[in-house]
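To start, the structure itself, in structure tokens.
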Amino acid sequence: MPTLELHDIQHIVLSGLPKRHYAKYLLYEIADGEAAGAWIQAQLAHVAGAHRIPNREVSPTDRQHRRFQLAIAFTHTGLKKLGLREEVLQTFVPEFRQGMADAHRARVLGDRPAEWEWGADDRLDLFCGIYADDDDELAGWPTRADGPDPETGLRCITQVHAQRYKDPLIEPFGFRDGISQPYIEGSGKDPMRFEKRDRVQPGEFILGYENELKLLPASPHLPKGPGWDRAILPLSADGAPDLGRNGSFLVVRHFRQHVEEFQKLDEHIAAQIVGRWRSGRPLVSFPPTVDTHKPRNGARHHTPDEPGEPVHDAGNGRGYNDFTFYPHDAAGLRCPLGAHIRRANPRDALANPKEGISEEDAIKLANQHRILRRGRPYLGKDGVPEGIFFMCLNTNFDRQFEFIQQTWINNPKFSGLTDEVDPLVGSSRFDPYRHPMPFTRQGCPQNVETSLSKYVSLRGGGYFFLPGLKALRYIANLSA
Amino acid sequence: MALRLEPTRDASEAREDDSIARSQLRTLLARGIHYLSFFVVGPAEDPACGAYVVLEITCDGSARTMRHRLATEAPDFVRALVDSGEASPEELERLLRKHSHRSHAVYEAFPGHSVEQIRLERAVREQARASRVPIGGAATGAGCPYAGKQPLSPTSASAAWDEVRHVLDAVLAVNGEKVPARAFVEHGRTRPFIVRWSPNGHRFCDRANLWARRLGGALLVLAAFLGARVVYHAGLRAIGLCAALGAVHVGLTAFAWVRESPKALKWPGLKAVLRRAAVELGLQALFASAVICAGALAVVAVGRLSANALLWSAVIGVFCAGALIRAGLADVAKLGLGLAAFLAALLPASAWPMTASILVTLAGALPVAGAVLFFHIMDGPFGAVVEGGVVAALWGGLVPFVWESQRFGRADPWLAWVPAIGFLVVMAWATGRLAWWLHEVRTLESKETPDPLFWNLEHLSSVQKSEDITLQNHLAHVANIKQDPRGLRLRTLQRVLRGVNLLARTYFTQGDLATIRTIHFARFVILPDKKRLLFMGNYDGGFSSYLHEFNSVGGVTAVWSNCVGFPRSFYLVGDGASDEQRFKAFGRRYQVPTLGWFSAYPHLGVGDIEAATSTREALRRTLDDPSTFSGRMRARFGEPLTEADCDAALRAL
């Protein structure tokens, strides 16, 4: 069992901060590195470590002092502007250095950065997430957008208000979200709340620890030198000051959801696009009536307001996450092969005993490509939920986030399908606007093909480095 | 076919700006070429390593035909490539031949699929799907050809069949032409010595062809058996009979070949193809007769043969190993059986029953075949012939054979020990060599230190510029072979490549390479300066996921651990590629930007090609077997045919 240095890891890595109901996300351009560094130094006290998680009982006085907390992350250009030397910048993984808006990356992810509202140029530097107990704390942050704020040296590129957090979290299409999350070994959370197959090594999400391949992920570091003070930055295994230790990489994608388009869909089809009913019940455990040609009979419904009878062979039906796809739904008759949750996390669907891949192997393989989601739905100008501010954490872009995006979500040949991508968030990299888009629902006696329009558009995004607390202090002090 | 051309000027200028060359290329690429790519391998610091322009072509037909086509159909392109402005097509062809270079290891997902076959089968599959259900908002089976029809009773099954047949006929015909059972193909890289029949070849043959091949194989075996018996009794006159039987075998195979000719495709190269077919058939006739005649001659020359099963095991083992190295797996089976039958007929003097004799002979062939293959991998053709020959001779007991031939028909058991001991000595020596080799490799490995992780962003951008534009990608990779004073790394690399080539040609012929199903074609070439290894691959999906699949494949480590910059390996196959980020960094660091690349089917994956072939096969089988179609449906559903049944039949596509 690995021991995590919780006091050095930013709190957002180990928790979505559900008790902080209000959140705001600010994206900045750094115009003046020194001023920005000084401002970040001033905010350091509010960046909480993750060691607060096991201490569930927080004293009221403590809470009063900390009515809000921050998550701070930097892009490659942001680190450069704050004064990080080139030889250190070169130790970051190339995906981070190239950024999400890079031409090749856009092909890999299926994006068109030219149509983004923010993030497509070199000016995105700093991400600041504010999580507060109430709305007032969200005011009073530098939000000047037309030019840099002289005190802080920051220009606000965009600000996003998250929807008030409520459990269960419902996203703008009406579906329950955030049901499936990996469990980080050694994080101290209650393991009984998570499925056994969701247990993932910490190195998949936190730099400095072993990942699923039993290797240490490539971590940015300073050049080796004599007499390095360990209090400033810890040392890596080969003696170089490890800038990345206890940090992570953050992917931000600002999605607008076309709710009116989506509401035109029939309830069955909507559920089959996602892979769950609106309540969050998975289709695998609660399939729609078996014969889609027969008319729905009210008496056969499990609940009066939701179709689908429970089937307990794929899981025990208790929770909403204790199901697997193989072998009971290997053909996709309950949850379509191209459905969103099936593409985003195939679980053991890759099993193939004929080729020697057992279910355990398949789960292990799928666990090499997990991401930790931390985003929330956000509100538009009129306070109506408009989309999702997607955030996810990983340590190895090309094996985790980009792999999911390119090889599962946007792969027209996923799972033996011929020419379709994820119906919810997919975009064919060959033609991002090829709509109506086909979507096949496996059926007996034959498959049914429908065509769908575009339900989600990307407004902007970026790749960020979310440092550990010591590293954050080091970076903030660079220009001092 | 991979050509290597030395540039006389700076070859990094983009050739795609030459529009005449491009239009000629378009003509060339319209038929017969799966993939074409060209790129530049820059000079290294070592003065012996010059710069090369590499043209890689994966095509149907022989390399010679391809060179001729290049020189005549796209002369300007070739002139630009070799930088000879005024050369005539004949000179160009000579130049191309001069610079042609064979590949050291080649992998093909589906050996035997021609471009035409892939394209036509894909069209068939699209038509089959289109005739099933339209793309639209329909949530029911509307659009099914049988929608709204009454359930059919058994008596009208034939009427139902007519309708189904009509639909299937329409689906199976593309542009008014019926898709042939198997388009004649022979990829120029490997030249089969005997007609190549892949282990699943019958999937692509229709019934008549299938039976022609089976009969041919059976006839060869029978001919061998009978011929031997006849020769045993009748001497030289029997050679004529053997030759006649061999000719019948060849004739039946020829029938299969002609039926599969590209005539139905209206392939312009028909004459050349038939000429080549004649050459191949002639070769086969020669071989078949030679096997029988040589045996017969041996019998006649040496006199009555004693029952030395070991000697004949050695012969069979050598022949089978040779066939494996040269041709393919099924030919080995054919050969082995034929020879065994031949020789079994010569073992009546033995006290053992016939079956036991055959079994012993075949079982005895395995160690010899294994030894020949081992020496082929260790030392190349020299090893296979010389060292393998020594092994075969020892096993066969040459010495006692000579002694024994002076006495008729009696086998002295104790003499069998001499070759047995000799064979054991050779095996011990071979094992020792293997162990010593691995030990030396391990010594070299333990002295290595892992490189720090490093990415050059500029280089990365230059190779990524042309990636992920279609579903498929090309990878050109030039690695430097580690230099050590005794050349151990180079020798190891050559051995590993021979092993990989053998496996790729005999075992991995069903679309997967060690469970990886995203590679179309891949090849390894050791450059003539013997200091660099060139790898070229055409694969589906992105670079990262492609390399990630090799995470646990030992063969990848075995090849590239001999190259500079690869993560450290453990006994040649361990670790290495499983150091994921270093492995990917190595792949990117030595990748060379591909200047030009063509794919005949850029949006098809390996799985698509396989599915299309299965679809066509399923439909063809249905067409061929009308009497059992309704019977099968009835047996499956136990009731009269309904529209759902027909749906199910077509949905299985």
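Among residues of segment B:529-546 being out of contact with any Lys or Arg (no Cβ under 7 Å at 6 or more places or on another chain) and within 20 Å of B:Ala51 (Cα to Cα), the one that is most open to solvent (accessible area, probe 1.4 Å) is B:Lys530.
Would you confirm, using the coordinates I've provided, whether B:Gly32 is in contact with a helix residue (DSSP H, G or I) (Cβ under 7 Å, 6 or more places away or on another chain), free of Cβ contacts under 8 Å to residues at least 12 places away in the same chain and more than 17 Å from B:Leu527 (Cβ to Cβ)? No.
Looking across segment A:375-400, just one residue is open to solvent by less than 10 Å² (accessible area, probe 1.4 Å), touching a residue at least 40 places away in the same chain (Cβ under 8 Å), within 14 Å of chain B (Cβ to nearest Cβ) and of a type outside the set (S, T, N, Q), and that is A:Phe397.
Assess whether B:Ser627 counts as being farther than 24 Å from B:His104 by Cβ, at pLDDT below 85, open to solvent by 30 Å² or more (accessible area, probe 1.4 Å) and within 25 Å of the chain's Cα centre (by Cα). In short, no.
Restricted to segment A:87-124, and to residues there that are within 10 Å of another protein chain (Cβ to nearest Cβ), without any contact (Cβ under 8 Å) to a residue 60 or more places away in the chain and in a loop (DSSP other than H, G, I, E, B), the residue that is least open to solvent (accessible area, probe 1.4 Å) is A:Asp102. Suppose the filter is part of a loop (DSSP other than H, G, I, E, B), open to solvent by 70 Å² or more (accessible area, probe 1.4 Å), modelled with pLDDT under 85 and farther than 19 Å from A:Asn345 by Cβ; does A:His293 pass it? The answer is yes for A:His293. Considering segment B:470-503, and only residues there that are among the small types (Gly, Ala, Ser) and surrounded by 21 or more Cβ atoms within 10 Å (Cβ to Cβ), the residue that is farthest from the other protein chains (Cβ to nearest Cβ) turns out to be B:Ala479.
Restricting to segment A:446-462, and then to whatever is within 14 Å of another protein chain (Cβ to nearest Cβ) and assigned to a strand (DSSP E or B), can you tell me which residue is nearest to A:Leu333 (Cα to Cα)? So the residue we want is A:Val448. Mind listing whichever residues of segment B:573-603 are without any contact (Cβ under 8 Å) to a residue 60 or more places away in the chain, surrounded by fewer than 20 Cβ atoms within 10 Å (Cβ to Cβ) and either under 27 Å from B:Ile118 (Cβ atoms) or more than 28 Å from the chain's Cα centre (by Cα) (or both)? B:Asp575 - this is the single residue of segment B:573-603 that is without any contact (Cβ under 8 Å) to a residue 60 or more places away in the chain, surrounded by fewer than 20 Cβ atoms within 10 Å (Cβ to Cβ) and either under 27 Å from B:Ile118 (Cβ atoms) or more than 28 Å from the chain's Cα centre (by Cα) (or both).
Can you tell me which condition A:Phe439 does not meet? The list is (1) in a strand (DSSP E or B); (2) modelled with pLDDT of 90 or more, and all the others hold. Every condition holds for A:Phe439 apart from (2). Restricted to segment B:562-591, and to residues there that are assigned to a helix (DSSP H, G or I) and basic (Lys, Arg), the residue that is farthest from the other protein chains (Cβ to nearest Cβ) is B:Arg589. Applying the set (1) in contact with a helix residue (DSSP H, G or I) (Cβ under 8 Å, 6 or more places away or on another chain); (2) within 14 Å of chain B (Cβ to nearest Cβ); (3) at pLDDT 85 or above to A:Leu472 leaves exactly one unmet item: (2).
For every residue, the table says whether it meets (1) within 27 Å of the chain's Cα centre (by Cα); (2) closer than 29 Å to B:Asp579 by Cβ; (3) charged (D, E, K, R).
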residue: A:Glu151; (1), (2), (3): no, no, yes
residue: A:Phe175; (1), (2), (3): yes, no, no
residue: A:Gly178; (1), (2), (3): yes, no, no
residue: A:Asp190; (1), (2), (3): yes, no, yes
residue: A:Arg197; (1), (2), (3): yes, yes, yes
residue: A:Pro202; (1), (2), (3): yes, yes, no
residue: A:Arg230; (1), (2), (3): no, yes, yes
residue: A:Phe249; (1), (2), (3): yes, yes, no
residue: A:Val252; (1), (2), (3): yes, no, no
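Among the conditions (1) buried (at least 21 other Cβ atoms within 10 Å of the Cβ); (2) touching an Asp or Glu at 6+ places or on another chain (Cβ under 8 Å); (3) farther than 24 Å from A:Phe175 by Cα, the only one that A:Thr418 does not satisfy is (1).
Pairs meeting the criteria (first residue in segment B:529-545 and at the interface with chain A (Cβ under 9 Å from one of its Cβ atoms), second residue small (Gly, Ala, Ser), beta carbons under 9 Å, at least 6 apart or on different chains) are B:Asp540/B:Gly605; B:Asp540/B:Gly607; B:Gly541/B:Gly605; B:Phe543/B:Gly587. Of everything in segment A:16-39 that is among the small types (Gly, Ala, Ser) and open to solvent by less than 20 Å² (accessible area, probe 1.4 Å), the residue that is farthest from A:Ala132 (Cα to Cα) is A:Gly33. Taken over segment A:145-163, the criterion of being surrounded by 14 or more Cβ atoms within 10 Å (Cβ to Cβ) and more than 22 Å from A:Gly461 (Cβ to Cβ) is satisfied by A:Pro148, A:Asp149, A:Thr152, A:Gly153. For the residues B:Arg616, B:Arg632, the requirement of being buried (at least 18 other Cβ atoms within 10 Å of the Cβ) and at pLDDT below 85 singles out B:Arg616. Residue pairs whose Cβ atoms lie under 6 Å apart, sitting 6 or more positions apart in sequence or on different chains, and linking a residue in segment A:404-420 that is within 7 Å of chain B (Cβ to nearest Cβ) to a partner that is in a helix (DSSP H, G or I) and of a type in the set (Val, Ile, Thr), are A:Gln406/A:Val108. The set of residues in segment A:4-15 being open to solvent by 50 Å² or more (accessible area, probe 1.4 Å) and part of a helix (DSSP H, G or I) consists of A:His7 alone. Put simply, of A:Asn367, A:Asn396 the only residue that is at pLDDT 90 or above and within 30 Å of A:Ile232 (Cα to Cα) is A:Asn396.
B:His459 falls short of the stated requirement of being assigned to a strand (DSSP E or B), within 14 Å of chain A (Cβ to nearest Cβ) and not acidic (Asp, Glu). Note on segment A:170-216: residues that are open to solvent by 20 Å² or more (accessible area, probe 1.4 Å), closer than 22 Å to A:Ala362 by Cβ and of a type outside the set (S, T, N, Q) total 13.
Picking from residues in segment B:551-561 that are within 19 Å of B:Arg589 (Cβ to Cβ) and in contact with a Ser or Thr (Cβ under 9 Å, 6 or more places away or on another chain), the one that is nearest to the other protein chains (Cβ to nearest Cβ) is B:Asn551. Among the residues here, A:Phe127 does not qualify as modelled with pLDDT of 95 or more, open to solvent by less than 10 Å² (accessible area, probe 1.4 Å) and within 22 Å of A:Ala218 (Cα to Cα). Within this structure, B:Ile526 fails the test of being open to solvent by less than 10 Å² (accessible area, probe 1.4 Å), touching a residue at least 12 places away in the same chain (Cβ under 8 Å), within 22 Å of the chain's Cα centre (by Cα) and within 11 Å of chain A (Cβ to nearest Cβ).
The values are calculated or read from the model by the stated rules, or taken from the named source; none is laboratory data. These numbers were taken from a predicted model, which means no experiment stands behind them. Ideal geometry is used to build each Cβ from the backbone, glycine not excepted, and the neighbour counts take in all protein chains shown. Side chains are part of the model used for accessible areas, which takes the heavy atoms of the whole protein and leaves out ligands, DNA and RNA. Shrake-Rupley method; radii C 1.70, N 1.55, O 1.52, S 1.80 Å.
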